[in-house]
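**Q** Before we start, here is the structure in question, set down as structure tokens.
The values are calculated or read from the model by the stated rules, or taken from the named source; none is laboratory data. Just so it is clear, the structure is predicted and the values come from calculations on it, not from any experiment. Cβ sites come from the backbone with ideal geometry, for glycine too, and all protein chains shown count toward neighbours.
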Amino acid sequence: MSAAEPISVQPAAGYGPLAIATRVAAHLAAAAPFVVATVRSIRRGWLPVGDTAAISARSWDALTNHGVLVGQRTALSGVTDLGPLEYWLLTLPVHLDPLHGSLWGAALCCILAASLAIEAARSAFGVVGAVAASLLVLGSIAWMPSIALGPTWNPHFGDLWFLTVLASASAVFAGRRRWWPVLVLSGAVAAQAHLMFAVTSVLLVLVALVVEVFRSYRLRAGHGWLAGGIALGVACWAAPVIQEVTGHPGNLTELLGRGHGRAEGWLLGFRALGAGATPPPIWWSTGDVGSHTAITTIASRSPVGGVIALGVVVGVALWAWRSHRQELAALAAVGIVACAGLIVTFARVPVAGAFPPYLITVVFPAGALAWAAVVYAAVLAAQNARASKPTHRKAGSRRRLTALGLLPLAVLAALSFRLQSDEFQRAFDWGLVPIVHKATLQIEHDVGPGRVRVVVVGLHGTSTYGVMTGIAAQLVAKGYRPEVTGFEAPASLGPAYLVRAGSPTAHVTVRGSAVTTVVLPVR
């Protein structure tokens with residue numbers, strides 16, 4: 001064993017046929033829901049509408065002089081998520097395929113994130129870790145099928161990268177310091193995709209940095225991992241920093257200025273942790289988690305459950321540290337940060353009006369990590385109790401455990417497919433797709449590429465927003481510079497889409513399934 005490696009870390013297990021087959025199965029199982037959902041959506045005639053269209057348009061703009069330095073608009077008027085990394089990652093797929101690129105590009109990015117999480121967990125915990133990471137991905141999708149059905153939406157896009165954050169942080173804490181650059185990258189993508197991932201992601205990056213700098217100094221190891229991670233961090237956070245310095249005020253300043261939580265905030269944070277980590281956990285049910293029912297369930301839980309859950313994970317971490325169980329200590333340490341991040345997120349993220357239901361996305365990973373730490377500790381305690389038995393049986397036990405891991409992989413994969421079928425019609429506003437398609441064709445027929453103001457009448461609220469952003473996303477990829485008004489569309493698309501004087505106006509009127517477009521020339 002190298003002197004640079006902590007002696008308590010076991011090598012990544014398994015290069016035998018069973019281990020290799022299980023490792024491959026873990027990757028395939030995690031990727032399959034995204035592949036199936038993407039193919040089904042494209043065959044159905046998917047087009048981006050609503051927030052997905054805004055993301056598609058901004059991804060197209062990333063390679064133009066209209067690119068933005070911030071992320072998606074948040075529930076607070078005038079404030080956005082931290083950065084544009086999702087747009088940067090999707091810009092090439094969108095330019096290759098303006099119609100569907102944001103969908104299959106996001107699916108590929110989510111598959112990449114899942115594979116990185118699986119490999120990070122395998123590096124720390126062997127093939128069993130790879131299976132556990134794949135189960136975490138499949139569990140998220142089974143609980144919230146819309147993650148695979150709509151991977152472009154920034155809360156869903158960030159969710160998979162957040163799971164990569166948790167897995168790569170576990171690898172770093174377990175002594176696999178070469179995973180720190182992956183932690184930096186995945187942490188930046190998750191934090192910039194949505195604010196609900198920011199606290200935990202940033203904390204894990206910084207805590208892992210401190211731990212590994214100290215460990216590398218003690219072991220006199222190299223620092224190539226540090227240079228690579230810092231370079232990635234500078235590249236990922238350059239745009240938000242530039243915006244913060246040049247903005248008046250900067251987006252981060254605005255976020256911090258509005259970050260005063262409600263009086264009940266900390267209690268709600270502990271209620272959320274209790275709902276995710278104490279029996280019965282909220283994610284044990286596959287109900288309509290996208291509705292306000294889940295938020296009501298969280299609010300009804302006692303905050304004492306969250307306090308107990310956090311205390312148990314801290315206790316597991318202390319026992320693992322004193323027992324020199326570095327792998328368990330790493331898992332429990334990540335669990336502590338995830339639980340603390342969940343509490344802070346629910347308590348302090350500023351929310352105007354109703355609490356957004358999608359915020360429950362972060363409940364599952366924190367709760368699952370807490371349960372994983374407790375189960376792992378129980379397994380190790382059982383092994384200690386059987387320490388007097390011959391050691392040659394351990395390899396067989398590990399092989400049996402690896403083989404048994406294939407069963408829940410198959411079950412969860414099948415469950416995610418079943419739930420996708422149930423959710424497919426509801427997860428996307430399919431009724432807006434033909435409207436966007438017809439209106440875009442009519443505008444193209446009546447006016448050539450260039451500036452055009454788009455006005456949609458006959459719809460209300462989110463439907464108007466969905467059609468208007470959908471038309472804008474299609475037009476901008478065909479050489480137009482659409483200008484929009486109305487319900488939230490200008491704020492979501494950005495300043496490049498604001499109305500200016502001297503543009504022809506395309507009036508899109510919707511009456512049932514009939515769509516008519518009249519282009520008025522410049523007066």
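**Q** For Ala385, work out the one condition from (1) modelled with pLDDT under 80; (2) more than 20 Å from Ala25 (Cα to Cα); (3) among the hydrophobic types (A, V, I, L, M, F, W, C); (4) buried (at least 20 other Cβ atoms within 10 Å of the Cβ) it doesn't fulfil.
**A** Of (1) modelled with pLDDT under 80; (2) more than 20 Å from Ala25 (Cα to Cα); (3) among the hydrophobic types (A, V, I, L, M, F, W, C); (4) buried (at least 20 other Cβ atoms within 10 Å of the Cβ), only one is false for Ala385: (4).
**Q** Just to be sure I understand, how many residues within region 283-323 are closer than 19 Å to Pro365 by Cβ and at pLDDT below 85?
**A** 11
**Q** Which is part of a helix (DSSP H, G or I), within 17 Å of Val334 (Cβ to Cβ), out of contact with any Cys (no Cβ under 7 Å at 6 or more places or on another chain) and in contact (Cβ under 8 Å) with a residue 40 or more places away in the chain, of Val211, Val207, Val189?
**A** One residue alone meets the criteria, Val207.
**Q** Does Ala121 satisfy the criteria of being buried (at least 22 other Cβ atoms within 10 Å of the Cβ), more than 18 Å from the chain's Cα centre (by Cα) and assigned to a helix (DSSP H, G or I)?
**A** So Ala121 does not fit the description; no.
**Q** To continue, here is another question. Residues Gly512, Gly470: which one is small (Gly, Ala, Ser) and in contact (Cβ under 8 Å) with a residue 24 or more places away in the chain?
**A** Gly470
**Q** Could you give every pair whose Cβ atoms fall below 6 Å, whose first residue belongs to region 483-504 and is without any contact (Cβ under 8 Å) to a residue 24 or more places away in the chain, and whose second residue is of a type in the set (A, V, I, L, M), counting only separations of at least 6 or pairs across chains?
**A** Pro490/Val484; Pro490/Leu498
**Q** When the residues of region 80-92 are narrowed to those that are closer than 16 Å to Asn154 by Cα and at pLDDT 95 or above, which ends up surrounded by the most Cβ atoms within 10 Å (Cβ to Cβ)?
**A** Looking at the filtered set, the residue picked out is Glu86.
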